Amino acid sequence: MLKYSLNVLNCVRVYRVVKPKSDLVIRLLAEAKRATDELNSTQQQISDLQKTLADLNKTYEEAMEKKRVIEEETAIMERRKIAADKLISGLSSEKQRWNNDLEELKHKLRRLLGDTLICASFLAYVGAFTFEFRHELLRELWEKDLLEKEVPLSQPIRLDELLTSDVEISKWTSEGLPPDELSVQNGILTTQSSRFPFCIDPQQQALKWIKKREEKNNLKILTFHDSDFLKHLEMSIKYGFPILFQDCDEYFDPVIDNVLEKNVRGIEGRQFVVLGDKEVDYDPSFRLYLTSKLPNPRLTPAHFGKSMVINYTVTLKGLEDQLLAVIVKNERRELEEQRERLIQEMSINKKLLKDLEDALLRELANSTGNMLDNVELISTLDETKSKADEVNEKLRLASKTSKDIEKLRDGYRPAAKRGAILFFVLSEMSLINTMYQYSLTSYLDVFEFSLRKSIPDPNLERRLKNIMNTLTLNVYNYGCTGIFEKHKLLFSFDITIKLEQDRGNLTQDELDFFIKGNLSLEKSKRKKPFLWIQDQTWEDCVRLSRDFNQFATLLDDIEHNEHVWKKWFDSDAPEQEEHFPMDYGQRSSAFQNLMLLRCFRVDRIYLAITQYVTKIMGDQFVTPPVIHFEAIWEQSTPLSPIIFILSPGSDPTTDLLKLAERTEFGAAKVKLLAMGQGQEKVAINLMEQAVSRGYWLMLQNCHLLVKWLFELEKHLDKLSKPHPDFRLWLTTEPTPKFPIGILQRSLKVVTEPPNGLKLNLRNTYFKIPGQAFNDCPSDAFPSLVFVLAFFHAVVQERRKYDKIGWNVSYDFNESDFRVCMQILDTYLSKAVINNDPKLPWGSLKYLIGEVMYGGRAIDDFDRRVLRTYMDEYMGDFIFDTFQPFYFHRTEDVTYYIPTANQEQAPPTGLPIKETALEYIESLPLTNTPEVFGLHPNAEIGYYTKSARDMWEQLIELQPQSGEATGGMSRDEYIDNTAADILKRIPPQYDTTKVWKKFGGENISPTSVVLLQELDRFNNLTITMSKSLTTLRRALKGEVGMSNELDDLSRALYNGQLPPMWRRLTPATKKNLANWMDHFLRRNQLYSGWINDGEPNVVWLSGLHIPESYLTALVQATCRKNGWPLDKSTLYTQVTQWETLEDVNERAHQGCFVTGLYLEGASWDIQRSCLTRQKPKVLIQELPVMKVIPIESHKLKLQNTFRCPVYVTSDRRNAMGVGLVFEADLATHEHISKWVLQGVCLILNTD
């Protein structure tokens, strides 16, 4: 129970503790429940609020997103608005241009067919032609033809716009290509043609441009003479490097044919070309260029098929522009620099403008999406617009400034034009002699030198006059240094007529008449009124009166005033203006006086030309400068060789050694080498030494090793820094194969023996040491030295008179004289030692006349002249005190031996050499031909031949295109002439019928000659017919124009005998009209012989080979009389019959011949002997001659001159061709007179 009570008490105690706590729990639970309920309520409220907040946030975000999108769209629109504004403002300026361009492109599309045809034709065909012919093809033929066919094309068509651009042209100009139209065309052809270019480049402008253009591309420069050119070519083809073959001339090595023709093959992605026996990988970027320095190479169709032939020959206008730049640079340097700067800036600005336009168009074309969003496009447009405005403004200002500069520059254009004309005169001289080659580079040196040397003047007009006068004289002097004496008047005359044509004082028709005369094949219907007027003179007068108003009444004036005209014709100086009949001298121009004079007195033309040049240009243009070796040395440079062009009798070696002594250079440092077989390596070794050590090297007789000179040219090209004292001197005879490259880069000097007996004697005596006269103990030695010097001068001076002097022009020179002087010394000293009072005349005459001088003479008749001089000049008679010896004596002058003539005692006390020199100085500067034993008419012959030679040379210098006489074109004139000749050609001879008619197998020797003549005549007529027919077809364009046809057309145009006919005819110097008369007369001879039998008098001149007839005559006589043929000869006898019509019988023995003309003497028909020529009568027709075959041992002739008979006045050449036979002419005077007068017979007059 206790336990129970204790438990109850514990329970009460616990309850008392628990109860409040339990109540507190209940209360707290209730409170907790209430709080929980409140919490739940609050949380529900919070949840509701959060949900509301989330909804509000979502709404806010949506609103903000909408706001952002709207703001972005607003920004884009703003940007697009700005971009649109920029595009509209930027492209609005382009809109009109693009609209215009669009319209233009539409028009171009319509014109595309015609433009493409013209451009394709230009690229395919015109490269080889001159600028004038290109213009004619493009404008007159193709463009006109397309317009007639109504093919649309651009007018005027601009090739530079269609095939290239201003920017490209500016680039070419900066690379060195001249900016004239021809050069631009050539640039287009070089860069655009489908074939590799072959540039005809005499002035080397293409060469310089290509070198500059391709230098950054590793250009290789080769020639076909290089041993390793194939290796370099192979590498260039493989790796795409450009190659330039220079100096190709007319030869392409066949090994490069596949390359030229672009025969590129492809296998499995590989492209290759066959080069020799190799397959070489082909790079498409490979380029090949070929150049030639020849101005007019003879090219075959193969050249045109394999390459694009492009004519880079500079034009007058193009050169004028280049020289204008040189003048302005010299006179107004700042102006030219400003112009060059402007051109460069304009080129850069044009390129920049084009690049900007291209960039803009590229951005526009490549733009994707909305154009307004293309930021790069907008910035490009901004940049383009600002820069374009700036560039356009610069271009506008540059264009205005350029016009102002051009206006100022044009003030100097007359001097530039003068310079261009003079260069073409100088370069044309190469047509006369291939050694006369001048490069544009060397000419520019002369041009710039003239600008520096001309007198300054503030007045432009006077300054220009000073420049032009100085330049003209300097070019004349420069040209004269390198051309022969015989061409110097031609050079000054060509300068004069070119300048007169430029001034408008001379027409081409007037010049053509002066050069060619009347070329008509038809003879005038109006007959000449007087016998003293020659046939050709009258024909020339007829054309002069018909074609030139100034001479309209000429024929009537001559016919009604014979006495006045005959007096003028016979006067000694008809070229003087005051001597012309009926005031023609005063009322005609100076050149028209020349035209009138050429009709009547050809022999005075040469002097009249001299007078004309003097009147127009001044005395200094007919007095060539004297060549001084010091001046030549001063002008020379280590890189430019000095070429001595030799003439017979000249040797510059001694003068060069003396120059070395005078300049203190020293003869020991002058190396001489005579070129010949095997000397090539020696020459190269010597040259290398000379280059490094500063020696002078003279290579003599380079014409003997012309092929090696190309090797020398390569060595000269490689010279970079030679010793400043080094000089290369070359001596050569004129040869057409001499490398043009060396000629153009060199200073050319023509060395000739002094002109005139006095100068020749003086030159010889100056070179004799004074001591030499004292070294020989013989008293006769000084006199014989003078005789030898006189003889030496005479044999050299005879060359001046051409064939009447010597048949062959011999190289008698200083060494001949020196050796002969040594012979005199040796033989005279020996005579003194042996106490022999007699001089060894026989030995001296033989050694001098036959061995030394005679050893050079290859013609028997020339040796006869030398022997005659020996007989005339050497013998005891030269020391005769009773009858003093004179070489020649007149009232005005006497030629004698100053140390041997007692009548003309020399001053005492003077040394022997000075005595002779003093006498030489007293002699006149000029001498008559009589001093040499020639007739005074030889002077007339010399001047006549000089005039005819000058006309032939002037024909070569004339343009071979344009209008012919009477307004017809050149082609029409040639076609009419060809048709006229075709009508005159006789039909072929049937030689079989002729053979049967004259006995068949029993034909006589003379009839055999006829058959041979007919065969040759048939060959000639066939060739004439075929060539003329083919030429007419070629002129119509039906067949191609070959080189032979070109030569034929040129000959017909110039009134000359065509080369292809000349080869089939007897030798002749006649012009075409006179040759046609001769040709038709030959036909009459043959037809008369066939129809009527062998003529009584044979016209020997009409036979192709006249000696064959004479041989047949001897053969027939030997057969008849049983004589041995080898012991028979011909004897001739001149009859009393003057013409063949007078002969009415047949020769009983031999035959009668006619057609022989006597030159150098006259025939006295009453006395039947040779007599002195009448003044001005150079040739006389010989009466009928009888030719009689005779046995040699029976022929005993006395007082007879053995006279050579030649085919033409060219007599016999160095090969012995031209001699027909020797005639026997009676003479009452000593034979030596006729020998020295050069008497001969010729079968054809000129």
Inset, instruction - Check V1184 against each of (1) among the β-branched types (V, I, T); (2) modelled with pLDDT under 90; (3) over 27 Å from T944 (Cβ atoms) and name the one condition it does not meet. - result: (2)
Inset, instruction - Report, by residue number, each residue of segment 625-646 that is surrounded by 19 or more Cβ atoms within 10 Å (Cβ to Cβ) and either farther than 25 Å from L719 by Cα or without any contact (Cβ under 8 Å) to a residue 60 or more places away in the chain (or both). - result: L646
Legend entry - Residue satisfying all of: in segment 190-210; crowded, with 16+ Cβ neighbours inside 10 Å and polar (S, T, N, Q); modelled with the highest pLDDT among these: T190
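In this structure, is T1068 outside the structural domain of I1105 (by TED's automatic domain parsing) and in contact with a Lys or Arg (Cβ under 8 Å, 6 or more places away or on another chain)? Show your work before the answer.
Working: outside the structural domain of I1105 (by TED's automatic domain parsing): yes; in contact with a Lys or Arg (Cβ under 8 Å, 6 or more places away or on another chain): yes.
So T1068 fits the description; yes.
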Inset, instruction - Kindly indicate whether I981 is over 30 Å from Q1173 (Cα atoms) and in contact (Cβ under 8 Å) with a residue 40 or more places away in the chain. - result: yes
Inset, instruction - Consider only pairs whose beta carbons are under 7 Å apart and that are at least six residues apart or on different chains; among these, list those whose first residue lies in segment 160-173 and is among the charged types (D, E, K, R) and whose second residue is buried (at least 16 other Cβ atoms within 10 Å of the Cβ) and part of a helix (DSSP H, G or I). - result: D160/I169; D160/V184; D166/K350
Inset, instruction - Within segment 283-325, track down each residue that is in contact with a Gly (Cβ under 8 Å, 6 or more places away or on another chain), part of a strand (DSSP E or B) and not hydrophobic (A, V, I, L, M, F, W, C). - result: N311
Legend entry - Scan of segment 615-630 for residues that are more than 27 Å from the chain's Cα centre (by Cα) and more than 30 Å from L555 (Cβ to Cβ), ordered by number: G618, D619, H628, F629, E630
Legend entry - Close pairs from segment 746-764: first more than 17 Å from F817 (Cβ to Cβ), partner of a type in the set (K, R), Cβ under 8 Å, at least 6 apart: N755/K800
Legend entry - Residues located in segment 804-814, provided they are at pLDDT below 85 and not in a loop (DSSP other than H, G, I, E, B): E814
Legend entry - Test for F224: is it among the aromatic types (F, W, Y), free of Cβ contacts under 8 Å to residues at least 60 places away in the same chain and assigned by TED's automatic domain parsing to the domain that holds V255: yes
Legend entry - Some residue of segment 680-691 being within 28 Å of L426 (Cβ to Cβ) and assigned to a helix (DSSP H, G or I): no
Inset, instruction - Among residues belonging to segment 314-335 that are over 20 Å from Q185 (Cβ atoms) and surrounded by 21 or more Cβ atoms within 10 Å (Cβ to Cβ), point out the one that is modelled with the lowest pLDDT. - result: V328
Inset, instruction - Run down W806, W708 and say which single residue is touching a helix residue (DSSP H, G or I) at 6+ places or on another chain (Cβ under 7 Å), without any contact (Cβ under 8 Å) to a residue 40 or more places away in the chain and among the aromatic types (F, W, Y). - result: W708
Inset, instruction - Sort out which residues of segment 850-869 are more than 42 Å from the chain's Cα centre (by Cα) and crowded, with 20+ Cβ neighbours inside 10 Å, and write them in order of number. - result: Y869
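Rundown of residues vs (1) over 52 Å from the mean Cα position of the chain (by Cα); (2) of a type in the set (S, T, N, Q), yes/no style:
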site	(1), (2)
C1118	yes, no
V1153	no, no
S1162	no, yes
S1168	yes, yes
P1189	yes, no
S1192	yes, yes
Inset, instruction - Identify, by number, the condition in (1) over 34 Å from the mean Cα position of the chain (by Cα); (2) surrounded by 16 or more Cβ atoms within 10 Å (Cβ to Cβ); (3) not aromatic (F, W, Y) that K767 doesn't meet. - result: (2)
Inset, instruction - Within segment 211-237, track down each residue that is surrounded by 15 or more Cβ atoms within 10 Å (Cβ to Cβ) and farther than 25 Å from E711 by Cβ. - result: K212, R213, E214, I237
Inset, instruction - Look at E406 and say whether it is modelled with pLDDT under 70, surrounded by fewer than 19 Cβ atoms within 10 Å (Cβ to Cβ) and assigned to a helix (DSSP H, G or I). - result: no
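Need a quick list: helices (runs of 4 or more DSSP H) entirely within segment 1041-1136 having at least 2 residues that are surrounded by 16 or more Cβ atoms within 10 Å (Cβ to Cβ), in contact (Cβ under 8 Å) with a residue 40 or more places away in the chain and on the phi < 0 side of the Ramachandran plot.
1043-1054, 1072-1092, 1106-1121
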Legend entry - Residue check for Y282: assigned by TED's automatic domain parsing to the domain that holds E250, in contact with a Phe, Trp or Tyr (Cβ under 6 Å, 6 or more places away or on another chain) and either surrounded by fewer than 20 Cβ atoms within 10 Å (Cβ to Cβ) or modelled with pLDDT of 85 or more (or both): yes
Legend entry - Subset of segment 235-255 (residues that are within 17 Å of P301 (Cα to Cα) and either acidic (D, E) or in contact (Cβ under 8 Å) with a residue 24 or more places away in the chain (or both)): C248, D249, E250, Y251, F252, D253
Inset, instruction - Could you check, for segment 1-16, whether at least one of its residues is more than 60 Å from the chain's Cα centre (by Cα) and not in a helix (DSSP H, G or I)? - result: yes
Inset, instruction - Would you mind finding the one in N1074, N1019, N1054 that is under 29 Å from the mean Cα position of the chain (by Cα) and under 28 Å from N1213 (Cα atoms)? - result: N1054
Inset, instruction - Assess whether L656 counts as being in contact (Cβ under 8 Å) with a residue 60 or more places away in the chain and part of a helix (DSSP H, G or I). - result: yes
Inset, instruction - Considering only segment 122-201, give the helices (runs of 4 or more DSSP H) lying wholly within it that have at least 2 residues that are over 22 Å from the mean Cα position of the chain (by Cα). - result: 144-148, 159-163, 166-174, 181-192
Inset, instruction - Just need a number here: residues in segment 712-737 that are in a helix (DSSP H, G or I) and either surrounded by 16 or more Cβ atoms within 10 Å (Cβ to Cβ) or among the β-branched types (V, I, T) (or both). - result: 3
Legend entry - Identity of the residue in segment 941-977, modelled with pLDDT under 85 and among the polar types (S, T, N, Q), that ends up farthest from I483 (Cα to Cα): S969
Inset, instruction - Only one of these is surrounded by fewer than 16 Cβ atoms within 10 Å (Cβ to Cβ) and closer than 26 Å to W532 by Cβ: R598, R587, R604. Name it. - result: R587
Inset, instruction - Could you pull out the residue among L934, L982, L1020 that is surrounded by 17 or more Cβ atoms within 10 Å (Cβ to Cβ) and assigned to a helix (DSSP H, G or I)? - result: L1020
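The values are calculated or read from the model by the stated rules, or taken from the named source; none is laboratory data. Because the structure is a prediction, the values reported are computed rather than measured. Here the Cβ is made from the backbone with ideal geometry for all residues, glycine too, and neighbour counts use every protein chain on show.
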